[in-house]
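Everything below concerns the one structure shown next.
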Amino acid sequence: MLNNEGQAASVVKILDPVSAANTAAATSGWIDARDYEGDLVFIQQIGAVTGSIAGKIQDATDGSGTGVGDVTGATFTSVSSANNTQKITVAAGSVRGWIRYLGTVTTGPAITAVSMLARPKIV
């Protein structure tokens, strides 16, 4: 992030650190992304993992997941070894308003956390 973008960015908690034994435990709630502009930077951190986890960002048209779909280009590389951090960047305008993290756990548990850096719109 250049030209003070880092200073302007908010940190948004997507998924608190969790030892996820299954996909349901590695899936966040829906987060309103309509008040952000520019890039959305997603950071996935995986700690100890027994099997593997494949994370991705999904979007929807409302906070209940209506029309859920995968965000193009927002799939993390599958992780099967401990201590892995990855980043994905997508344009805020490319999501349909609400986002969530879906971590597909093949064999658990997998310790995972996900956060987002994003610049709030200036009102």
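Tabulated data
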read-out: Loop trypsin sites (Lys or Arg not before Pro), the stretch 1-102 (other Cβ atoms within 10 Å of the site Cβ: 13 or fewer; DSSP); value: R34
read-out: All lysines inside 17 Å of K13 as judged from Cα atoms, apart from same-chain residues fewer than 8 positions distant; value: K56, K87
read-out: Candidate values [x] 15.5; [y] 16.0; [z] 14.5, label of the one derived for Kirkwood radius over Cα pairs in Å; value: [z]
read-out: Cβ-defined net charge surrounding F76, 11 Å radius [Lys, Arg +1; Asp, Glu -1]; value: +2
read-out: Per residue, in Å², the accessible surface of the stretch 1-71 once ligands and nucleic acids are set aside, probe 1.4 Å; value: 50 Å²
read-out: Length gained when the stretch S19-Q86 is fully extended (0.36 nm per residue, less Cα-Cα span); value: 22.3 nm
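The values are calculated or read from the model by the stated rules, or taken from the named source; none is laboratory data. Bear in mind that the values here come from a model prediction, so they are computed numbers and not experimental data. Heads up, the Cβs are rebuilt from the backbone with ideal geometry, glycines too, and the neighbour counts pull from every protein chain shown. With ligands, DNA and RNA removed, areas are computed over all heavy atoms of the protein, side chains included. Shrake-Rupley method; radii C 1.70, N 1.55, O 1.52, S 1.80 Å.
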